[in-house]
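J.: Got a structure for you, written out below as structure tokens; questions coming shortly.
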Amino acid sequence: MVRHIIAGIAGALTLAAILYMAKLDIEAQKLQHIKEVIEKSKLEVPVTKQQISSKTQVKTKEESEEEKKLKVLKEKAGRMSAFEVSPLYRRNCASCHGINGGGAIGPKLIGKSESEIYQALMDFKSGKRKNYVMFGLLNNMKDEDLKALAKEISEFAQKLQESKQ
């Protein structure tokens, strides 16, 4: 009888371990997908031998024409939204949640309340909610930055409506 109970417990533990490993595999696949998206989004700028030699010979404080063009493109890409977002949001959230919070790889944020967003951020940071990307982004963020993000994101719906008028 005791053997059957022990065997049942061992079977249940084995099943739990298998399910846990499957969950970890799914998370790893999500991270791999995010990595692939990030790699695809990197912008490669060709550099000629002349640029290399001129940069090594004389380093000036002025930007080259290519660098200026690249800077303008980056600024335009950051503004490709219906409304302005903070650099904090653009740098940490936009790649997964969309520049307007409409969702991309990550879920839609637009329309959520400030307290709801702040609580979710705190849960991710503490590990209460499991998401390795969110934990990695939020782990070193200050509480004031989390509050600022929550406030900003909670205003997205209103800003979107104002931009359509």
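J.: If I stretch the segment between E162 and A17 completely, what's the gain in nm (0.36 nm per residue apart, minus their alpha carbon distance), one decimal?
T.: 47.2 nm
J.: Would you mind ranking V37, V85 so that the residue whose beta carbon has the fewest other beta carbons within 10 Å leads the list?
T.: Placing the least packed residue first, the sequence is V37, V85.
J.: Of the peptides 29-35, 13-19, how do they stack up when ordered by the mean number of other Cβ atoms within 10 Å, highest first?
T.: Result, highest mean Cβ count within 10 Å first: 29-35, 13-19.
J.: Right, another one. List the pairs from K125/K151; K30/K108; K23/K128; K112/K159; K35/K147; K130/K151 whose alpha-carbon separation is above 21 Å, in the order I gave them.
T.: Table pairs above 21 Å Cα-Cα are K35/K147; K130/K151.
J.: Order these by the 10 Å Cβ neighbour count, fewest first: E152, E27, E144.
T.: Final ranking by Cβ density, sparse to dense: E144, E27, E152.
A short reminder: the numbers here are calculations on the coordinates, not readings from a lab. On a predicted model such as this, the values are computed, not experimentally measured, just so you know. Counting neighbours? That spans all protein chains shown, and the Cβs are built from the backbone with ideal geometry, glycine included.
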